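Q: The structure follows.
Please treat every number below as a calculation from the coordinates, not as lab data. Small disclaimer: the values here were computed from a predicted structure and weren't measured. All Cβ positions, even for glycine, are placed from backbone atoms using ideal geometry, and neighbour counts span all protein chains on display.
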Amino acid sequence: MTALLNGIRVLDFGRYIAGPYCAALLAEYGADVIRVEKRSGSEDRFPAQIGGGVGATFMQMNRNKRSITLDPVKPEGREVVARLVAGADIVVANLPAASLRDMGLDYATLCGYRRDIILVTSTAFGPAGPMSGNVGFDGIGQAMCGSAYMTGQLDQPYRSMANWVDFSTALHCAFGTLAALMQRQTTGQGQVVTGALLATALAVFNAPVIEQAVAQANRVPLGNRAQAAAPNDIYRSRDGWVLVAVNGQPLFARWARLMAAPGPGGPLPDDPDWLADPRFASDDLRGRHGEIVGGRTARWCAVRHSSELVAVLGEAKIPCAPVLSPQQVLEHPQVQALGLLQDTDYPGLPRPAPVAAVPLWLSGTPPVPRLRPPLLGEHTDAVLAEAGYSAEQIAGLRQRRVV
């Protein structure tokens, strides 16, 4: 079966997550992605070192890619860029506009090498505004969209340790890339696909901002407790923690029946009539009285093991999941059943790395077979040869520290 993006070539000048993961998604479905790295290696090679001179982030970002090293600022480096772009369809570079110009990767320059090229770029703060020239990472989106404020406590905001802004930006950019490819098939013209961390964060966290603008809710952070539903929180069990999420009247009615059923933790003498009490008549009202509803749930959970809670609540069709450590994630049967974490070898690692495949299942166009991430510059000679360089010319570029 022909891969979905067979014949599409991508030059990945990305940094850290937003650019490289966008390119990784394209590589997962057959695009020939060439990772263009600094001669000393790209930044995502190094955080969370796991052996072999690479970090955990690099293992995730660079599956199914080839790697070349290149200094695009040097004049000969620009010549290499020109040849590579002439044979490419897409350039991915999550870099500020000034950096793109310095490296000769701005759209006007790229169009001089191939007029229908697609440039996919993203920045921290977007293309306009007083902070547009500033740089930043995932956390700036979490901080400025309201998420960090609402996640913590009144005296201490918290950001998520998951880089959801970076990954969501990569997803949006991959979506934009595919849309641009479809448009090019119709018009023959390329274009610029532009993403931004702050824009992504505002899109994902839009509902609370809408609520504030329209209803002036002035909500304050409640830790893990939901703002407009209950019980919806992380509760302690006899041997750990579980998340229970009750949203909507049908789920609340199921929860109320559980509280009234015989067994550990209930029913209790001081229980109100959960379904008749006006304090709990809607999600919003239950959220306002979340301490009462949540407190009852906490008492019910505290006398059960996590596995029992997941089983009982699952049987009742109430969302519940255990709070897992990274080690427990690896061992959990549901995670293992998905087959998403695929053992990936890499030279120098003490054991294979469980790298997540793209979390989609397309019935007619599966991902291509998994290739390990590349060694630094592993494919430099092959890629340059494809661009028309002779072995002697490649040796000269190495000697002059261009590649």
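Q: For segment 213-259, what number results from the quotient of the Cα radius of gyration and 2.2 N^0.38 Å?
A: Against the empirical 2.2 N^0.38 Å value, I get 1.41 for segment 213-259.
Q: Could you work out the relative contact order of the chain, using alpha carbon pairs under 8 angstrom and six or more residues apart, expressed as a whole percent?
A: 19
Q: What does the charge count near K317 come to, summing +1 for each Lys or Arg and -1 for each Asp or Glu among other residues with Cβ under 13 Å from its Cβ?
A: Within the 13 Å Cβ shell, the charges total +1.
Q: How much length is gained on full extension from S390 to Q49, taking 0.36 nm per residue of separation minus their Cα-Cα distance?
A: 119.2 nm
Q: Also, I was wondering about something else. When the convex hull of the Cα atoms of segment 174-215 is projected onto a plane and the area is averaged over all directions, what value comes out in nm²?
A: 4.0
Q: How much net charge surrounds A302 when only the other residues with a Cβ under 9 Å from the Cβ of A302 are counted, with Lys and Arg +1 and Asp and Glu -1?
A: Summing Lys and Arg as +1 and Asp and Glu as -1 gives +4.
Q: A further question on this structure: Under the 0.36 nm per residue contour assumption, what length would be gained going from the current alpha-carbon distance of V73 and R401 to full extension?
A: Length gained between V73 and R401: 116.9 nm.
Q: Charges on Cβ only, +1 for Lys and Arg, -1 for Asp and Glu, centred on the Cα centroid of segment 314-387; of V323, G348, V368, which one is farthest towards the dipole's positive end?
A: The one lying farthest along the dipole's positive direction is V323.
Q: Then there is this: Can you give the Rg to Rh ratio for segment 145-250, taking only C-alpha atoms and Rh from Kirkwood?
A: 1.12
Q: Right, something else. How many percent of DSSP beta bridges within segment 1-144 run antiparallel, rounded to 5?
A: If I count the DSSP bridges inside segment 1-144, around 10 percent turn out antiparallel.
Q: Might you report the magnitude of the Cβ-based charge dipole of segment 269-364 about its Cα centre, with Lys and Arg at +1 and Asp and Glu at -1, to the nearest 20 debye? Each step should come with its number before you reach the end.
A: Details: 8 positive and 12 negative charges, 19 e Å.
Here segment 269-364 has a charge dipole of around 100 debye.
Q: Looking at the chain only, what percent of DSSP beta bridges run antiparallel? Nearest 5 please.
A: Antiparallel bridges make up about 45 percent of those DSSP assigns within the chain.
Q: When the helices in the chain are scored as -39500 (n - 2.57) per DSSP H run of 4 or longer and the sum is shared across all residues, what 222 nm value do you end up with, to the nearest 500 deg cm²/dmol?
A: -11500 deg cm²/dmol
Q: Pull up the cross-link candidates among the aspartates and glutamates for K317, meaning alpha carbon to alpha carbon under 16 Å and not fewer than 8 places away within one chain.
A: Result set, ordered by chain and number: E308.
Q: Roughly what angle does helix 18-28 make with the longest principal axis of the chain, taking Cα atoms, 0 to 90 degrees, to the nearest 10?
A: Taking the Cα atoms of the chain, the angle to 18-28 is about 80 degrees.
Q: Can you pull out the trypsin sites (Lys or Arg not before Pro) in segment 64-140 that DSSP calls coil and that have at most 12 other Cβ atoms within 10 Å?
A: R115
Q: Additional query: For the chain, list the cysteines whose Cβ sits under 4.7 Å from no other cysteine Cβ?
A: C111, C145, C301, C320
Q: Follow-up question, since we're still on this one. If you put +1 on each Lys and Arg Cβ and -1 on each Asp and Glu Cβ, how big is the dipole of the chain around its Cα centre, in Debye rounded to 20?
A: With Lys and Arg at +1 and Asp and Glu at -1, about 340 debye.
Q: Shifting gears a bit: Using alpha carbons only, how many degrees (0 to 90, rounded to 10) separate the axis of helix 249-260 from the longest principal axis of the chain?
A: That helix lies at roughly 50 degrees to the long axis.
Q: So how tilted is helix 306-315 from the main axis of the chain? Cα-based, degrees 0 to 90, rounded to 10.
A: Helix 306-315 sits roughly 80 degrees off the main axis of the chain.
Q: Checking the a/c ratio against 1.5 first, then a/b against b/c, what shape does the Cα gyration tensor give for segment 47-156?
A: oblate
Q: I've got another one for you. Could you work out the percent of alpha carbon pairs in the chain separated by over 30 Å, rounded to a whole number?
A: In whole percent, the long-distance tail amounts to 52.
Q: Projecting each Cα onto the charge dipole of the chain (Lys/Arg +1, Asp/Glu -1 at the beta carbon, about the Cα centre), which of A201, L25, G146 comes out farthest on the positive side?
A: Among A201, L25, G146, the one farthest towards the positive end of the dipole of the chain is L25.
Q: Calculate, in nm to one decimal, what V214 and A316 gain on full extension: separation in residues at 0.36 nm each, minus their alpha carbon distance.
A: The span from V214 to A316 would gain 33.1 nm if fully extended.
Q: While we're looking at this one, here's another question. Over 13 Å, how big is the tail of the calculated P(r) for segment 232-295, in percent of all Cα pairs?
A: So the pairs more than 13 Å apart make up 66 percent of the total in segment 232-295.
Q: OK, next. Where in segment 319-403 are there trypsin sites (Lys or Arg not before Pro) that are in a DSSP coil and have at most 15 other Cβ atoms within 10 angstrom of their Cβ?
A: On the way: sites: R370, R398, R400, R401; in loops: R370, R400, R401.
Sparse-neighbourhood loop trypsin sites (Lys or Arg not before Pro): R370, R400, R401.
Q: Select from A31, A229, A128 the residue whose mean-square fluctuation is largest in a Gaussian network model of the chain (Cα-Cα springs shorter than 10 Å).
A: Fluctuation is largest for A128.
Q: Restricting things to Cα coordinates, could you compute the convex hull volume per residue of segment 115-185 in Å³?
A: Given the Cα convex hull of segment 115-185, per-residue volume reads 110 Å³.
Q: How far apart, in nm, are two points set 7 Å out from the Cα along the Cα-to-Cβ line at S363 and at R236?
A: Between S363 and R236, the simple spin-label model gives 4.8 nm.
Q: Hey, what does the equivalent ellipsoid look like for segment 286-366, semi-axes from the Cα gyration tensor as sqrt of 5 times each eigenvalue, largest first, whole Å?
A: Listed largest to smallest, the semi-axes of segment 286-366 are 36, 17, 12 Å.
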